[in-house]
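Taking it in order: structure first as structure tokens, then the write-up.
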Amino acid sequence: MTRWSGNTSAAERRVTERMLPFQKPASNRFRSTAWVVMPAYREAAVIGATVQALAPYFDNMLVVDDCSPDETAQAARDAGAMVCRHPVNLGQGASIQTGIELALARGAEQIVTFDADGQHRPEDAVRMLETLDAQKVDIVLGSRFIGLAEGISRRRRWLLKLAVAYTRLTTGLTLTDTHNGLRVMTASAARSLRIRHNRMAHASELLGQIAQKKLRYVEAPCTIVYTDYSRAKGQRMSGAFAILWDLAIGKLYR
Ligand SMILES: Nc1nc2c(ncn2[C@@H]2O[C@H](COP(=O)(O)OP(=O)(O)OP(=O)(O)O)[C@@H](O)[C@H]2O)c(=O)[nH]1
Ligand SMILES: [Mg+2]
């Protein structure tokens, strides 16, 4: 049964109720061609479950462990993922870039970026791959605001809406969710992107490149589940200012 958060609007509930019966994908013809890239830092408690949930749908799961001090790498390997480890902590953006380059070198035809912390649903990734193919676009961006943000706090929602406004202002892209870790792209789109922001600002940077390179994109509904675990380690307000600072410095030195 779906549990709605207090902050979920009636419109969002209606969209999601329509979407729920279709959540289970019939098949996954992208099983061996798509690579799932998961940036991970200190996710030993949940990475095993995240990988196991993906395993029925994907052959190629690549965890980029960013020099976690815990057992993230071992837990991912035990669950059946390939693991690449940075010798020092470089941040989520750098880890995604590493993962994409590795996957492309191994012949990936599509790339899925997927958070390691268990907040995404593998079924959404499969449906987004279908959308990528059916709509002949370069990239499909997951949106929790046309999908479902289960258990999201008021503060997090506000912060994300601010990010949407910032992206509209700086890139002209009209999106509903700009900091969602779930994305699906073709190999050629992945090859054309270069993430240089090493920390959380990479999401804004990526959208800037989509606009600049005129890549074809669509948003697709997805579910993000906020648990006590994710709320305890998720981004803080200070993260928003760090992102703006990173982007400002990046613009100065480009
Ligand atoms: N490689 C790497 N991954 C990171 C780092 N920091 C966070 N991550 C991963 O990036 C993903 C998203 O991180 P979160 O902190 O949950 O950020 P978020 O999902 O945007 O924020 P919430 O909505 O609050 O959950 C998770 O899989 C983390 O393990 C890092 O320094 N390096
Ligand atoms: Mg998260």
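Read-outs throughout are calculated quantities, based only on the coordinates presented, and are distinct from any laboratory measurement. Model, not experiment: these values are computed from the prediction. In this analysis, Cβ positions are derived from the backbone assuming ideal geometry, glycine residues included, and neighbour counts consider all displayed protein chains.
Worth a mention:
- Surrounding net charge for Pro87, when Lys and Arg each add one and Asp and Glu each subtract one, Cβ distance under 13 Å: -1
- Working value for region 23-155: equivalent-ellipsoid semi-axes of 23, 18, 14 Å, each the square root of 5 times a Cα gyration tensor eigenvalue, largest first.
- Under a model in which nothing but the beta-carbon of Lys, Arg (+1) and Asp, Glu (-1) is charged, region 121-180 shows a dipole of about 480 debye around its Cα centre.
- With Cα atoms defining each centre, region 37-103 and region 172-187 are spaced 21 Å apart in the structure.
- Peptides 159-172, 203-216, 124-137 ranked from most to least packed by the mean count of surrounding Cβ atoms within 10 Å: 124-137, 203-216, 159-172.
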